[in-house]
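Each remark here refers to the structure printed beneath this line.
The values are calculated or read from the model by the stated rules, or taken from the named source; none is laboratory data. In this text the structure is predicted, and so the values were computed from the model without any measurement. Note that each Cβ is placed from the backbone with ideal geometry, even for glycine, and that neighbours are counted across all protein chains shown. The accessibility values were calculated without ligands, DNA or RNA, using every heavy atom of the protein model including side chains. Shrake-Rupley method; radii C 1.70, N 1.55, O 1.52, S 1.80 Å.
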Amino acid sequence: MNRIAHWIGGAERPGSSGRVGPVFNPATGEQTAEVDLASADEVAQAVAVAQEAARAWRSASLAKRSTVLFKFRELLAAQSGDLAAVITSEHGKVLSDAAGEVARGLENAEFATGIPHLMKGSFSEQAATGVDVYSIKQPLGVVAGITPFNFPAMVPLWMCTTAIAAGNAFVLKPSEKDPSAALFLARLWKDAGLPEGVFTVVNGDKEAVDAILTHPGIAAVSFVGSTPIAKYIYETGTAHGKRVQALGGAKNHMLVLPDAELDAAADAAVNAAYGSAGERCMAVSVVVAVGDIAGPLVDAIAARLPKLRIGDGTDPESQMGPLITAQHREKVAGYIARGAEEGATVVADGREAEVPGDGYFLGVTLLDNVKPDMDVYADEIFGPVLAVVRAETYAEGLALINDNEYGNGTAIFTRDGGAARQFQFDVDAGMVGVNVPIPVPVAYYSFGGWKASLFGDTHMYGPDGIHFFTRSKVVTSRWPDPGTSSVDLGFPTNR
Ligand code: NAD
């Protein structure tokens, strides 16, 4: 059985805890590997190596760090097809989607190549007579990332590119369901010339996570995953004196106004609801259809569904792969049954799709006439299930979105610029699309939701990422004329 080890000190390190977890190919249901699950002691050993590396790395010049990032970016671009294949083999998403994930992660590496510019502070000459004041940004030391199964390369890249460019050592605890992408990135960092110990992978489950959250040598924790765990990470990490950003789950609404271009809205809803089998934190899981567009929109979405091809992600014909585990497949199927019991109209039932073999496949589901008090509306299902809620007015649709527990992404579909602008002003969500269903910001902005989709106040990557992985220092300096001397016990003023 293939064994997936840790990556410590610039090389693979087999685990010593005696605990392993199974890794499956979701398209076949076969176990393909065992992943080592780190003990608290192993996490401590990894952190000790990272601490030593961090001390040297913060002294590396900006030019040197930028050179490593450029090389890393080059290698990642050249090997993106191989990395996509690794992702598909453990996550199940189709190869083109895995390649898309790598491409978005690559953007973060490109952003981080500009680290000399991003680390600039500010300077005020003559704040008082002969006194200059300036600010500098410095790395935190050892920082950690804890990441979800659904983007095994992109989410680690959101974090590690910025953290490392800023001069930190980065310890990654990837999802134990698809850990191989993290090891792939580790090899790229090594080949790019990153000194040993600056990028570390500790594989594991709750035991490793708790060791990270309580280790005094880790200064900051960046987390992406489900809301209950995000809340736990935030509370535990901050209680142990760490800086924490914890991105949680989502229930993203797409508001379709009566004047929207019908085909574009239907295409967008299908792409955003069922891409990656709905296992995206920015997936559209609710369409709010306002007024008399509801009937035609449901028909237009339904008409597109029979043409979708579901199958093994390595087959170029497949548009949608399996779900991540057999248990998750059962959970999502249970929601379809629940929706029917609760009174939703089942326009398409994913349980009827037949894919040969033992993969964790589920077809696409469309539920119409969903009401806000139904579980299929309230819960994050994280599968290929799209709910349609019919609203009479824009105000009713907006209220639904703003009353929702989550506030990750949202989108409006309309031809009315004034309505779109009003929506952007009114809506309580961190990322907004105007006729764009999955508004994941480009790497030079930052990614993050509101409400139960984010614990902490800093968004991920881009300018917020630099802010998160650095701390500022302000220096007030005077170079007195030789021979001058005076004693003054008053509080320093600038007058
Ligand atoms: P998850 O919360 O189960 O796991 C995320 C990480 O936390 C993993 O590394 C896992 O090992 C660890 N973990 C799991 N249970 C733990 C526990 N009890 N104690 C400590 N650590 C624990 O999430 P997932 O199922 O891997 O990913 C899907 C979720 O992530 C969805 O809710 C999705 O919306 C969310 N997500 C959010 C974003 C975002 O940007 N907001 C992006 C991607 C995914």
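Among the residues of the stretch 47-89, write down those that are buried (at least 20 other Cβ atoms within 10 Å of the Cβ), more than 24 Å from the chain's Cα centre (by Cα) and among the aliphatic types (A, V, I, L, M). Val49, Ala53, Ala54 - these are the residues of the stretch 47-89 that are buried (at least 20 other Cβ atoms within 10 Å of the Cβ), more than 24 Å from the chain's Cα centre (by Cα) and among the aliphatic types (A, V, I, L, M).
Quick check on the stretch 28-46: of everything there that is in a loop (DSSP other than H, G, I, E, B) and open to solvent by 10 Å² or more (accessible area, probe 1.4 Å), which residue is farthest from Gly311 (Cα to Cα)? Ranking the candidates gives Ser39 first. Please indicate, with yes or no, whether at least one residue in the stretch 224-232 is surrounded by 22 or more Cβ atoms within 10 Å (Cβ to Cβ) and touching a helix residue (DSSP H, G or I) at 6+ places or on another chain (Cβ under 6 Å). Yes - at least one qualifying residue is present in the stretch 224-232. From the list Val440, Val475, the lone residue that is closer than 26 Å to Ser276 by Cβ and surrounded by fewer than 18 Cβ atoms within 10 Å (Cβ to Cβ) is Val440.
Condition check ((1) in contact with a Gly (Cβ under 9 Å, 6 or more places away or on another chain); (2) more than 9 Å from the ligand (Cβ to nearest atom); (3) modelled with pLDDT under 95) across all residues:
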site: Ile218; (1), (2), (3): yes, yes, no
site: Val221; (1), (2), (3): yes, yes, no
site: Thr227; (1), (2), (3): yes, no, no
site: Glu235; (1), (2), (3): no, yes, no
site: Gly241; (1), (2), (3): no, yes, no
site: Leu247; (1), (2), (3): yes, no, no
site: Ala250; (1), (2), (3): yes, no, no
site: Met254; (1), (2), (3): yes, yes, no
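Figure legend. Inter-residue proximity from the stretch 185-209: first residues within 15 Å of the ligand (Cβ to nearest atom) and outside any strand (DSSP E or B), second residues open to solvent by 20 Å² or more (accessible area, probe 1.4 Å) and small (Gly, Ala, Ser), beta-carbon distance below 7 Å, spacing 6+ or different chains. Indicated pairs: Glu207/Ser39; Glu207/Ala40. Between Ala289, Ala294, Ala250, Ala266, the distinction of being in contact with a helix residue (DSSP H, G or I) (Cβ under 9 Å, 6 or more places away or on another chain) and assigned to a helix (DSSP H, G or I) belongs to Ala266 only.
Matching residues to (1) open to solvent by 40 Å² or more (accessible area, probe 1.4 Å); (2) part of a loop (DSSP other than H, G, I, E, B); (3) small (Gly, Ala, Ser); (4) in contact (Cβ under 8 Å) with a residue 60 or more places away in the chain:
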site	(1), (2), (3), (4)
Lys371	yes, yes, no, no
Glu380	yes, yes, no, yes
Leu398	no, no, no, yes
Ala420	no, no, yes, no
Gln424	yes, no, no, no
Val432	yes, no, no, no
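Any residue in the stretch 11-22 that is closer than 23 Å to Ala85 by Cα and outside any strand (DSSP E or B)? No, that holds for no residue. Quick one: is Gly167 open to solvent by 10 Å² or more (accessible area, probe 1.4 Å) and either under 19 Å from Tyr461 (Cα atoms) or part of a loop (DSSP other than H, G, I, E, B) (or both)? Against the criterion (open to solvent by 10 Å² or more (accessible area, probe 1.4 Å) and either under 19 Å from Tyr461 (Cα atoms) or part of a loop (DSSP other than H, G, I, E, B) (or both)), Gly167 does not qualify. Annotation: Lys173 fulfils all but one of (1) under 15 Å from the mean Cα position of the chain (by Cα); (2) of a type outside the set (Ser, Thr, Tyr); (3) surrounded by fewer than 24 Cβ atoms within 10 Å (Cβ to Cβ); the unmet one is (3). Taken as a whole, the stretch 436-447 holds at least one residue that is in contact with a Pro (Cβ under 8 Å, 6 or more places away or on another chain), within 16 Å of the ligand (Cβ to nearest atom), not in a loop (DSSP other than H, G, I, E, B) and not β-branched (Val, Ile, Thr).
Using the structure shown, decide if Asp178 is under 18 Å from Gly225 (Cβ atoms) and within 16 Å of the ligand (Cβ to nearest atom). Considered against the rule, which asks whether it is under 18 Å from Gly225 (Cβ atoms) and within 16 Å of the ligand (Cβ to nearest atom), Asp178 comes out as yes. Here Gly383, Gly334, Gly359, Gly409 are screened, and the one residue that is of a type in the set (Gly, Ala, Ser), over 26 Å from Lys231 (Cα atoms) and at pLDDT 95 or above is Gly359. The number of residues in the stretch 456-495 that are within 23 Å of Gly105 (Cβ to Cβ) and either without any contact (Cβ under 8 Å) to a residue 12 or more places away in the chain or hydrophobic (A, V, I, L, M, F, W, C) (or both) comes to 5.
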